[in-house]
Amino acid sequence: MPTVGVVLLSLVATVLYGVGAERAWRGLGRGVVTGRGIWTLALVGMGAQAAALLWRWLVAGQVTFAGGAAGSLGVFALCLGAAYLLLGVRYGGPWSGALVLPLAALASFLDAVGVSAGWSGTLFGASWGVVHVVPAVAGAACLAAGAALSVMYLVEEWYLRRRRWGEPLRWLPALEALDRLSGWALGLAFVLLSLGVASGAVRAVLWKELGGAWALDPKVLSAGATWVLVGGVVAVRRRGTFGGRRLAYLILLAAALAAFTYVGVDALLGGRHAGL
């Protein structure tokens, strides 16, 4: 497999995301209210990351994912770039890029490292890679975006409670907008995670070689806990009386649990569930 081209494309995406993040932070310091150049960098970075993924899959002849988080970091970076672009369409400015794009740059870089180290595999065939891994990764990306929005909410709310009318209030959206956006991110994450969990369960039933032990696998249990937490918060929020700081803290908790599921389980607990 010609890994050099794939690695270079992932590194190009890393640089583009990183430059976009740097410009976002610099724009915040200057009180810039437009993020047009950052939006362009993110879009081109997504193109480079998508090209790297397609190249890898075309050479392999199918959609392949390596063991653990390593096999889907490119998809995760692509989803984070899309999350930033969606936020930028509705709310301009550099604020979302300052928190989302650094995560995308890190994921792209780790993806390049994984390809160069030979992390590859065919745990899932093409169809199951699409219906199980991709929704799960996209759901994790939505939670990451929701966590970024929650951090912004808590920062702005802290400034307002202390009547400190400083720089952050110049570039952050209103608290109501951040609360609404984080709620949407959480709801979309629940839908995508539901697809990932359901398709994974179907695969486990259809492919008998997994055996009954899959249900007690650490990653399966952690993913299930994440799904239950996200679903519970979404259900309570739909009653219309839940939001603000409580929602922000719970989204951060859900994002932390998703990160543990995505990376921590493989590093600390292992298990038979070799892929995301």
task: Working only within the range 23-46, note down all residues that are at pLDDT 90 or above and over 17 Å from the mean Cα position of the chain (by Cα).
output: L41, V44
task: With respect to G93, determine if the residue is modelled with pLDDT under 85 and either over 20 Å from S182 (Cβ atoms) or of a type in the set (F, W, Y) (or both).
output: no
query: Taking the range 224-267, which residues are among the small types (G, A, S), at pLDDT below 85 and in a helix (DSSP H, G or I)?
result: G244, G264, A267
- prompt: Taking V63, is it under 20 Å from the mean Cα position of the chain (by Cα) and modelled with pLDDT of 85 or more?
  reply: no
statement: Only unsatisfied item for A117, checking (1) modelled with pLDDT of 90 or more; (2) aliphatic (A, V, I, L, M); (3) out of contact with any helix residue (DSSP H, G or I) (no Cβ under 8 Å at 6 or more places or on another chain), is (1)
- request: Starting from the range 2-14, take each residue that is more than 14 Å from A117 (Cβ to Cβ) and without any contact (Cβ under 8 Å) to a residue 40 or more places away in the chain and list its partners that are assigned to a helix (DSSP H, G or I) and polar (S, T, N, Q), counting only C-beta distances under 9 angstrom and pairs at least six apart or across chains.
  value: V12/Q49; V12/S108
- prompt: Of all residues in the range 135-174, how many are over 11 Å from the mean Cα position of the chain (by Cα) and either at pLDDT 70 or above or of a type in the set (K, R) (or both)?
  reply: 20
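The values are calculated or read from the model by the stated rules, or taken from the named source; none is laboratory data. Predicted, not measured: the structure shown is a model, and the values here were computed from it. Don't worry about glycine lacking a Cβ; one is built from the backbone with ideal geometry, like all the others, and counts go over all protein chains shown.
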